[in-house]
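Everything below concerns the one structure shown next.
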Amino acid sequence: MTRSIKWRMVSIYVLLVLIVMIASGTLIVTKIRNNAYKDIEENLKGAISDMKNRGISDAATEEEIIIKCQDYINSYQDSDRKIYLLNTNGIVTFPEKYTGTSSYFNTMVMAALNDSPINKTDKVYLDEKEYRGYAEPIKLGNKIIGVIYMLEPSEQVKQNLISTVKIIILAIVLAIFLSVVFGVMFSNFLTKPIIALSDKARAMSQGDLDNEIEVLSNDEIGELTKNFNIMAKTLNNNLIEISSEKNKLETVFAHMTDGILVFDAFGVLIHSNPASKDFIDLIDKFSFGEIMGDYLEVTYDEILRNINTEIRQYIIQIDNKYVNLCFAPYLDQKDNILGNICVLQDITEHKKLEEMQKEFVANVSHELRTPLTTIKSYAETLLDGAMEDPEIATNFLNVINHEGDRMTELVKDLLELSRLDNKQTKFKMQSISLSKILEGSISKFQIHAKKKNQTMVYNSPEIDYKITGDPNRVEQVIKNIISNAVKYSFEDANITIDLIDKDRYVVVSIQDTGMGIPDEDLGRIFERFYRVDKARSRAMGGTGLGLAIAKEIMDYHGGHIKVKSEVGSGTCFSLYFPHKVA
Ligand code: ADP
């Protein structure tokens, strides 16, 4: 490319010089030749008019004229000029050595004989030498009596012209040589910055955007170099920005918990982040169909067709996970869809929460409906006449009262939970003695235990363990666990309560030898309204919310509850309270 521009420039340069030189050379040669011939012509014309002036015009007879002409011709015998006298038939009559020849009977002579002489010389060759000839009629009055024909040698003119042409050719050769030299120099000067620009562009394409090109001149090429440097700098800055953006995005993609799958316009997987592998098996799978085929009924084409630059969502189940798939197209500058980005979000927790909410509403309705139905049916029976029998009426009213109490208890627990959920419960945190709270709670439940012939033993420690907490709430939790131990243990059961120090916690453990909780229920007893034996719980006046409330309170105190149980052998609840920070 660079070479071609260089040599093209040199060729144009040489061609221009050649054209100018040839044109001017031709002009010079033509001018010199014309001038030389003009001079000869002037000389010949001058000589003829001179001859005429020497008395030919005064002569009265033809013979007189001829003699005068011959005299004149004789006076020129020694010069190079040749003068002939021709008669009206075009035959040379003088000088004698040429008489009789009609070789000069040419156009020029003919024209002179016809009294219309050609006002120009013509070219004649004698003994291979060039002459210029000119003829004019000799008249006596109006009568033509002969022709005078003069030849002037023009060989010298020819020789002069040849040497001029030689000089011009020499000048042309010199000019071509100089134009090649200067052309190469000039094109080198012009192409050097272009080569530098080209090299830089090549280096740029290979990623080197740092080095600037030296600006060598202040002209258009210098301006181009400057602009090129600015362009390279801007490009470099943009690249740095883009690559840092890319790094940022890659870091986000690599560390985000949502999965990202990028498909091209044909549904081929072109990118996936590490999290996506936690959602879906990508091993040896490369296309949308292979990856999503088992979970989605729609094809990639359908997604592309329907997408119309909007996000499309699908909820699928992969193993035990609920996954929300969001498809968003990515476009080029002309808004053509280049492919799709699929975001995979784990909504299992969300789904569970939704299920739990539904279950909760169903449970609340169910829990309230049962006592309400009882109250209503007893009240109706009373109104239908049972009121008349005081004994039945008292019984019925007791049932109504009991159901009312249950409902009150349920609503109280629900309100409590709702307040805990909304963080509206005010905890009066203070330093409290766990031993004292335990002793108080145990003494309250001793009566209930005794009623069932159960033994309740508290192995009181020597140390007075202190924790930071709300005494009423802590007591509420302990009472709930002890009451459950009493409630869900048969007669003659043993309930053992311990207070021990374990690592960072003070642990209250309440062990009973009751009915125990089956393994499959163990994980769910802290859920709202979850009861292992619904009928028994209700009969015992339980709401199924006690452990849920206890868990929330323990969480607030920075503690937790652990439970171990074996059906038929008993259950042990352990309340872990963090040590009081001194
Ligand atoms: P409830 O008001 O029914 O007692 P809880 O939330 O206090 O509700 O307890 C939830 C369920 O856990 C109870 O219904 C019961 O089935 C089971 N449970 C709790 N404590 C014990 C225990 N000590 N022994 C056996 N089952 C228990």
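The values are calculated or read from the model by the stated rules, or taken from the named source; none is laboratory data. If you're wondering where the values come from, they're calculated on a predicted model, not measured in any experiment. Neighbour counts are summed over all protein chains in view; Cβ atoms, including those assigned to glycine, are modelled from backbone coordinates with ideal geometry. All accessible areas refer to the heavy atoms of the entire protein, side chains included, with ligands and DNA or RNA removed. Shrake-Rupley method; radii C 1.70, N 1.55, O 1.52, S 1.80 Å.
Quick notes on this one:
- Whichever residue in segment 555-582 is over 29 Å from Gln454 (Cα atoms) and of a type in the set (A, V, I, L, M) and, among such residues, is modelled with the lowest pLDDT: Ala582
- With respect to the conditions (1) within 19 Å of Lys551 (Cα to Cα); (2) not in a strand (DSSP E or B), Met515 falls short on a single one, namely (1).
- Residues within segment 409-437 that are more than 60 Å from the chain's Cα centre (by Cα) and open to solvent by 90 Å² or more (accessible area, probe 1.4 Å), tallied: 2
- Applying the set (1) buried (at least 16 other Cβ atoms within 10 Å of the Cβ); (2) in contact with an Asp or Glu (Cβ under 9 Å, 6 or more places away or on another chain); (3) touching a residue at least 60 places away in the same chain (Cβ under 8 Å) to Gly541 leaves exactly one unmet item: (1).
- When Phe573, Phe577 are checked against the criterion of being touching a Phe, Trp or Tyr at 6+ places or on another chain (Cβ under 8 Å) and crowded, with 20+ Cβ neighbours inside 10 Å, a single residue qualifies: Phe577.
- Filter result (closer than 25 Å to Leu190 by Cα, part of a helix (DSSP H, G or I), open to solvent by 50 Å² or more (accessible area, probe 1.4 Å) and among the β-branched types (Val, Ile, Thr)) within segment 206-248: Ile230
- Subset of segment 478-492 (residues that are within 18 Å of Ser565 (Cα to Cα) and surrounded by fewer than 18 Cβ atoms within 10 Å (Cβ to Cβ)): Phe490
- Among the candidates Tyr576, Tyr530, residue that is within 15 Å of the ligand (Cβ to nearest atom) and either part of a loop (DSSP other than H, G, I, E, B) or closer than 23 Å to Ser433 by Cβ (or both): Tyr530
- Filter result for Asp78 (open to solvent by 70 Å² or more (accessible area, probe 1.4 Å) and under 30 Å from Thr30 (Cβ atoms)): no
- Every residue from segment 499-512 that is within 15 Å of the ligand (Cβ to nearest atom) and either open to solvent by less than 60 Å² (accessible area, probe 1.4 Å) or of a type in the set (Val, Ile, Thr) (or both): Val508, Ser509, Ile510, Asp512
- Qualifying residue in segment 178-186 (condition: out of contact with any Gly (no Cβ under 8 Å at 6 or more places or on another chain), at pLDDT 85 or above and more than 30 Å from Met9 (Cβ to Cβ)): no
- Test result for Ile495, surrounded by 16 or more Cβ atoms within 10 Å (Cβ to Cβ) and within 12 Å of the ligand (Cβ to nearest atom): yes
- For Met515: the one exception among (1) among the aliphatic types (A, V, I, L, M); (2) within 17 Å of Glu416 (Cβ to Cβ); (3) near the ligand (Cβ under 8 Å from one of its atoms): (2)
- Enumeration of residues in segment 12-38 that are of a type outside the set (Phe, Trp, Tyr) and surrounded by 14 or more Cβ atoms within 10 Å (Cβ to Cβ): Val14, Val17, Leu18, Met21, Gly25, Ile28, Val29, Ile32, Arg33, Ala36
- Complete set of residues in segment 194-205 that are farther than 22 Å from Met9 by Cβ and open to solvent by 50 Å² or more (accessible area, probe 1.4 Å): Arg202, Ser205
- Just one of (1) open to solvent by 40 Å² or more (accessible area, probe 1.4 Å); (2) in contact (Cβ under 8 Å) with a residue 24 or more places away in the chain; (3) more than 9 Å from the ligand (Cβ to nearest atom) fails for Glu520. It is (2).
- Within segment 550-573, the set of residues being assigned to a helix (DSSP H, G or I), closer than 13 Å to Phe526 by Cβ and more than 8 Å from the ligand (Cβ to nearest atom) comprises Lys551, Glu552, Ile553, Met554, Asp555.
- Hits in segment 117-148 (condition: in a loop (DSSP other than H, G, I, E, B) and of a type outside the set (Ser, Thr, Tyr)): Pro117, Ile118, Asn119, Lys120, Asp127, Glu128, Gly141, Asn142
- Of the residues making up segment 535-547, those that are within 6 Å of the ligand (Cβ to nearest atom) and part of a helix (DSSP H, G or I) are Ser537, Gly546, Leu547.
- Among the residues here, Tyr104 qualifies as modelled with pLDDT under 85 and surrounded by 17 or more Cβ atoms within 10 Å (Cβ to Cβ).
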